[in-house]
Amino acid sequence: MCFSLIEQFSTQFFKYSMMTKFLALIPAAGSGSRMGNELPKQYLPLDNHPMIYHAINTLWHNPLITQIIVVLAPDDTVWFKYDWSHFSKKLIILNCGGVTRAESVLNGLLTAKQQLNLVNSHDWILVHDAARPCLSMLQLENLINGLAEDEVGGLLAIPVADTLKLGNAKHRIMQTQPRENLWQAQTPQMFRYDLLVKALNNAANVNITDDASAIEALGLHPKLVPSDARNLKVTYPHDLALAELILQQRSDL
Ligand code: C5P
């Protein structure tokens, strides 16, 4: 009897200690120069909130995600002008953004483990751009469910629908690209901590624009989890109006 209790306890303890956590990381140290606004893109007003609020809100509502790490520029003076207390149970703010998105993600990951001891090597990290405010609860769930047992990890993405043209500097078509098997990468992109850190360190001197590219450079093949166009990235001023419409029509939060 005593032995079986000990056995039960140790099995549970082993299971618990082996349990991986899900943490989100939002790189938000960019200036968003293509928006043509002095205020960094992540703070532009969108549906009565700064844009980054919406990404945080969706991630915060997912019960599996235990922490949301926001990586700001070291000289960010805007974040603390807003009240974030509603999210405080899960929110960690780090002022360690870098020169590139990849550097911001890597700095955030290293600080979270080495200085704050927040994360274990096998925990899942969901990297999500502050500039994708319309991520839905269902897209997020599909990503997590689609990858939780995966060896590599992956990302939300949509199959390319338009015909693709390769243009030259004078905007003349040089070639039409076959679109079969082409996907547009979105975020969140979900990888295990130690693999992501290894990949970003390895890609430190290469110009990459997402996390999956760094994983691919290791010879691995991240999984594409189907999403849809509503998870758009706000890049140009007219994207804001579209994002606002999508947010006003959502009913999942
Ligand atoms: O500029 P872009 O839209 O590609 O940026 C994607 C995300 O990366 C944004 O959330 C932006 O704030 C972030 N970023 C960053 N550090 C940089 C550049 C961009 O955290 N140096």
For K233, list the lysines whose Cα falls under 25 Å from its own Cα; do not include residues on the same chain fewer than 8 positions away.
-> K41, K81, K90, K165, K223
Given the candidates T20, C96, F191, the one whose Cα lies deepest towards the positive end of the charge dipole of the chain, counting +1 at each Lys or Arg C-beta and -1 at each Asp or Glu C-beta, is C96
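Could you give the dipole magnitude of the range 2-249 about its Cα centre, charging the beta-carbon of Lys and Arg +1 and that of Asp and Glu -1, in debye to the nearest 20? Mind dumping the intermediate values first?
Details: 19 positive and 22 negative charges, 64 e Å.
It comes to approximately 300 debye.
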Whole-Å distance linking the alpha carbon centroid of the range 135-166 with that of the range 174-253 is 8 Å
What share of the DSSP beta bridges in the chain is antiparallel, in percent to the nearest 5?
-> 45 percent
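Hey, what did the chain get for relative contact order, percent, Cα under 8 Å, at least 6 apart? List each step's numbers first, then the result.
Numbers: 423 pairs, mean separation 55.3, N = 253.
Relative contact order of the chain: 22 percent.
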Taking K21 as the anchor, which aspartates and glutamates have their alpha carbon closer than 18 Å to its alpha carbon, excluding any fewer than eight residues away along the same chain?
-> D123, E141, E149, D150, E151, D194
Net charge of neighbours whose Cβ lies under 10 Å from the Cβ of R101, counting Lys and Arg as +1 and Asp and Glu as -1 = -4
Can you tell which of L44, L147, L109 lies farthest toward the positive end of the dipole of the chain, using +1 and -1 charges on the Cβ of basic and acidic side chains (Lys, Arg; Asp, Glu)?
-> L44
Which value at 222 nm does the chain reach when only helices count, each DSSP H run of 4 or more adding -39,500 (n - 2.57), with the total divided by all residues and rounded to the nearest 500 deg cm²/dmol?
-> -9500 deg cm²/dmol
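Read the figures in this text as sums done on the coordinates, not as results from a lab. Being a predicted model, the structure only gives us computed values, none of them experimental. All Cβ positions, even for glycine, are placed from backbone atoms using ideal geometry, and neighbour counts span all protein chains on display.
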